[in-house]
Amino acid sequence: MKSEISYGSKRILITGGAGFLGSHLCERLLNDGNEILCVDNYFTGTRNNIEHLLPQYGFEFLHHDITFPLYVEVDEIYNLACPASPIHYQYDPVQTTKTSVHGAINMLGLAKRLGVKIFQASTSEVYGDPVVSPQPESYWGNVNPIGPRSCYDEGKRCAETLFFDYHRQHKLKIKVARIFNVYGPRMLPDDGRVVSNFIVQALSGSPITIFGDGNQTRSFCFVDDLVEAMIRTMNTDDQFTGPINLGNPHEITIKELAERIIALTSSSSTIEFHPKPEDDPMSRKPDIRLAETVLGWGPQVELTTGLSRTIAYFKELI
Ligand code: NAD
Ligand code: UDP
């Protein structure tokens, strides 16, 4: 039976809405009183992530691959569809590039026909293995165009190019956000990304797999903070296009992350060192001064708090 929540003011399309970030965004925007059209091909997203939303009034799911055109009527578009974990985006690299590039063209075409705003979930990967730290939006990056990560990095870079060309050529209202590493409940246990890997390994007592010497750094943002930042970005005035960095500037090494997770789970897991994957960036730390100024936003959830919430989710799941 459908629950009677108040009916939304906007009808919002979220591509990749059954994925990790997308499902949280669907939930938040639905709770804010909007109608949601969640589009996903279930490549890395799952029905489980949106099961609780399916019976709710104002939520609609459409099984669709965005590399094919989509004809729907909506007031706003968030384009999140694309696998984000290295093992998933490298599984079928051609499809990853198609999703980023053909998918962007299809969603931009839809936004153009409807005359609506469109948000692009871009990534810190557009900076590649950065030689500047922290990374400001003005940095053009250091990206290998032919390596195993290129399908994702270059696909997302090309998508940014398309967004800005649609903006210049067709006056489209665009919002391009460069998202840094996000973690939280609803990451897949076999997702392959570092936070979920380490938590699942720690909870099951298996060795924690550090790739390389563990001195590479990342800066992790809890999903609730990121969702807030995405919505604020969409609601900036029409002149604002981005790109805008969204993430938590608290930088830690992967080895420190492993130790933190072992301590928080009181795990008996040992640490195992494996070869570092090709082109794995040595550092990542967002310069978020633009987000602070334009959005009046900064991350609120500290790493230990966010990790504890994520650990609680995986404990329940496993
Ligand atoms: P995810 O893999 O959990 O979600 C991606 C979703 O897109 C999945 O539900 C998947 O089934 C769907 N999808 C993939 N290809 C599709 C296609 N061709 N058509 C329709 N649906 C398709 O990943 P996520 O972490 O939720 O990431 C969401 C977006 O945010 C991605 O675009 C990703 O590049 C971007 N991003 C995420 C992070 C992060 O740390 N989570 C960081 C930077 C950027
Ligand atoms: N990583 C690791 N062990 C794992 C998974 C990842 O040491 O089991 C490392 C990985 O090599 C990278 C960092 O953790 O240096 C972050 O990896 P992730 O795949 O989460 O994201 P990305 O590399 O895209 O930032």
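Coordinate-derived values only; no laboratory data. These numbers come from a predicted model, not from an experiment. Using ideal geometry, Cβ is built from the backbone for each residue, glycine included, and neighbour counts are taken over all protein chains shown.
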Name the residue, out of 285, 171, 255, whose mean-square fluctuation peaks in a Gaussian network model built on the chain with Cα pairs under 10 Å. 171
Cross-link partners among aspartates and glutamates for residue 315, C-alpha distance below 19 Å, same-chain residues fewer than 8 apart left out? 190, 191, 259
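Within the chain, what percent of beta bridges assigned by DSSP are antiparallel, to the nearest 5?
Numbers: 3 of 39 bridges.
Percentage antiparallel, nearest 5: 10.
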Taking H as built 1.01 Å from N, whose amide H comes closer than 5 Å to the amide H of residue 135, not counting residues under 5 places away? 285, 287
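List the equivalent ellipsoid semi-axes of the range 174-234 in whole Å, largest first, each obtained as the square root of 5λ for an eigenvalue λ of the Cα gyration tensor. Walk me through the intermediate numbers first.
Details: eigenvalues 147, 40, 14 Å².
Its equivalent ellipsoid spans semi-axes of 27, 14, 8 Å.
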Taking the square root of 5 times each eigenvalue of the Cα gyration tensor, what semi-axes in Å does the equivalent ellipsoid of the chain have, largest first? 30, 23, 18
Where does the charge balance sit around residue 116 when Lys and Arg score +1, Asp and Glu -1, over other residues with C-beta under 11 Å from its C-beta? +3
Over the range 32-96, what portion of Cα pair distances is larger than 15 Å, expressed as a whole percent? 58 percent
Quick one: Cα centre-to-centre distance for the range 168-220 and the range 26-57, in angstrom? 21 Å
Overall dimensions of the range 220-313 by Cα: Rg and Dmax, Å: 16.3, 53
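If eta is 1.306 mPa s and T is 10 °C, what Stokes-Einstein diffusion coefficient results for the range 130-275, Kirkwood Rh from Cα pairs, in µm²/s? Numbers along the way, then the final one.
Working: Rh = 17.5 Å.
Result for D is 91 µm²/s.
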Kirkwood hydrodynamic radius, computed over distinct alpha-carbon pairs, for the range 159-202: how many Å, to one decimal? 13.1 Å
Pairs from 10/285; 98/171; 173/285; 98/276 whose Cα-Cα separation, in the structure shown, is over 31 Å: 10/285
Packing-based ranking, highest mean first, of 122-134, 298-310 given that Cβ atoms within 10 Å are counted: 122-134, 298-310
Along the principal axes of its C-alpha atoms, what lengths does the range 40-192 span, in descending order and rounded to whole Å? 48, 42, 28
Proximal lysines to residue 175, defined as alpha-carbon separation beneath 16 angstrom and excluding residues fewer than eight positions away on the same chain: 112, 117, 156
Taking only C-alpha pairs under 8 Å that are 6+ residues apart, what is the relative contact order of the chain in percent? 17 percent
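For the range 259-314, what number results from the quotient of the Cα radius of gyration and 2.2 N^0.38 Å? The partial results should precede the final answer.
Values: Rg = 16.2 Å, N = 56, 2.2 N^0.38 = 10.2 Å.
Normalised by 2.2 N^0.38 Å, the Cα Rg of the range 259-314 equals 1.60.
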